[in-house]
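The values are calculated or read from the model by the stated rules, or taken from the named source; none is laboratory data. Being a predicted model, the structure only gives us computed values, none of them experimental. In this analysis, Cβ positions are derived from the backbone assuming ideal geometry, glycine residues included, and neighbour counts consider all displayed protein chains.
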Ligand code: BDR
Ligand code: CA
């Protein structure tokens, strides 16, 4: 069986970086490109971070394309309080040894989807601006999308506002385009990703591997844990984005239910909230597999095995 082609659309970001490491190490996935989007930091910074990460692991063969620098409608928002000024504070990252493609990420996504022999899976781990723009610009690509495993939203909680998760809050209009597209979607929201806990024990395991990439991941988690402690009072770092990749590799590692999801784009109080119709009270057809429960042990072992390959 050939490998599943995927595009990771991301805003690295500590957990985005770990998601990329997981995807690149797994024999089931073929990463066709890494496309970047504004989010955790500005577009130039997150693009630079993607290049630095790939340089650090010697994967300068992976094409990187920079995409949208701001949301479709809303004003840009970044998250220095979570990911630092660079968007990837903590580890010592090398200078990038290569450059991004001379092509806008939205065009990269469209080109790959139009030319791939096999349907392509999208794994968005940042705001959904690039994905929405690609769907709006070239609706024909929809027939060649296998699945969208997105990290974003939540059933019951929020981390940017009491009810809105960061990725959806930053570009809810784009999220609305994606959720109303009719495409097969799995939503990996905060209810699930807060179960992907990494703490002192996991950092010690990584340090014990005593390999450069394992130390890099330990540094990423250490910084991320620090901000999660300060901002949210957690004593662990939740590896949000890596869970979306894990579900693309092993659908079922997250238990899901088919439900209808809508996105709030107007109310000041609930802007960016994903409205998940748990009991079918709207009578609207389900449009997403919504994640509920992560098999944390399986996730942890998948991740440790992935890091050990470097
Ligand atoms: C999401 O927001 C970002 O800070 C993380 O990278 C993740 O994609 C979690 O809400
Ligand atoms: Ca992210």
Checklist entry - Out of (1) assigned to a helix (DSSP H, G or I); (2) more than 21 Å from residue 55 (Cβ to Cβ); (3) within 19 Å of the chain's Cα centre (by Cα), the odd one out for residue 195 is which? => result (1)
Next on the checklist: Being in contact with a strand residue (DSSP E or B) (Cβ under 8 Å, 6 or more places away or on another chain) and closer than 28 Å to residue 250 by Cα: is that true of residue 35 here?
Outcome noted: yes
Checklist entry - Can you tell me which residues in the stretch 92-109 are surrounded by 19 or more Cβ atoms within 10 Å (Cβ to Cβ) and farther than 14 Å from residue 44 by Cα? => result 93, 106, 108, 109
Item to check | Matching entry among 248, 237 (being in contact with a helix residue (DSSP H, G or I) (Cβ under 6 Å, 6 or more places away or on another chain) and touching a residue at least 40 places away in the same chain (Cβ under 8 Å)) | outcome: 237
Item to check | Residue tally, condition away from ligand 1 (no atom under 11 Å from the Cβ) and within 11 Å of the chain's Cα centre (by Cα), over the stretch 10-22 | outcome: 1
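Look through 250, 306 and report the one residue that is surrounded by 19 or more Cβ atoms within 10 Å (Cβ to Cβ) and farther than 24 Å from residue 82 by Cα.
Selected residue: 306, the only one of 250, 306 that is surrounded by 19 or more Cβ atoms within 10 Å (Cβ to Cβ) and farther than 24 Å from residue 82 by Cα.
Which residue out of 170, 177, 217, 192 is farther than 22 Å from residue 87 by Cβ and crowded, with 24+ Cβ neighbours inside 10 Å? Give the steps one after another, and end with the answer.
Numbers: 170 fails: farther than 22 Å from residue 87 by Cβ; 177 fails: crowded, with 24+ Cβ neighbours inside 10 Å; 217 fails: farther than 22 Å from residue 87 by Cβ.
Exactly one residue qualifies, and that residue is 192.
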Checklist entry - For the stretch 229-251, how many residues are within 14 Å of ligand 2 (Cβ to nearest atom) and either assigned to a helix (DSSP H, G or I) or at pLDDT below 95 (or both)? => result 6
Checklist entry - Can you name every residue in the stretch 176-192 that is farther than 12 Å from residue 135 by Cβ, part of a helix (DSSP H, G or I) and in contact with a helix residue (DSSP H, G or I) (Cβ under 8 Å, 6 or more places away or on another chain)? => result 190, 192
